[in-house]
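Below you'll find the structure, written out as structure tokens, and then a few comments.
Just so it is clear, none of the values below were taken in a lab; they were calculated from the coordinates. Because the structure is a prediction, the values reported are computed rather than measured. Here the Cβ positions follow ideal geometry from the backbone for every residue, glycine too, while neighbour counts run over all protein chains shown.
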């Protein structure tokens, strides 16, 4: 699978961490390791949410988000959305073990992640500016049409994610998913080292908790 960033995204200084794991054993119920990690994280957020909401990476995403218009009204990046969900509901949503791993690392690192069912991705992945009118169906939202010049990831058929927000429902990770593609997306103000560290951590958590074999791992930049 090729992953490329088109030159029209140069101003965003996009950095993408790419990971493919095949043969996973996903499940809805949390094992003891994930349950402990989630419980500790929820407690820390409730006691001092500022540590998770006010940092240089969240600020970098907010500058990126505020630099252009979008079909999505929300101005919150992925990790901020997750923290606010915990503050509102008291807990991190339970989707599956694989998604739990992603959410834990996203919140801890302050970085935006996407996770897809590899078998639902058609062809290669390219990050580029939207032409406008492409369909995008965000989690926790209704399907919309992108505006022109939104930074997004596409396969040969569809929008996989909007970098300012999160991934789409077109290639979701479910408990039946066997093969995963995971991306960590950084923008201007976020260092390559942060992406590399987050990619290492999500790899470790996934292999420990849903097994599988890592078949691709790399960093993509312009």
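Structure values in brief
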item	result
Selected from 114, 39, 130 as most flexible by GNM, with the chain as the system and alpha-carbon contacts under 10 Å	39
Distance from the range 96-121 to the range 144-222 (C-alpha centre basis), Å	7
Rounded FRET efficiency, nearest 0.05, which uses the C-beta distance separating residue 55 from residue 149 and R0 of 25 Å	0.35
Distance (nanometres) between label positions extended 7 Å along Cα→Cβ at residue 25 and residue 140	3.1
Highest-MSF residue in the chain out of 96, 70, 49 [GNM, Cα springs under 10 Å]	49
Estimated D of the range 3-221 in µm² per second, where Rh is the Kirkwood radius over Cα pairs and Stokes-Einstein applies at 37 °C, 0.692 mPa s	190
Relative contact order, percent, the range 3-221 [alpha-carbon distance under 8 Å, six or more residues apart]	38
P(r), alpha carbons of the range 20-78 - 5 Å bins starting at zero, rounded %	4, 13, 15, 13, 15, 16, 18, 7, 1
Of 129, 102, 115, the one that fluctuates the most in a GNM where the chain has Cα springs shorter than 10 Å	129
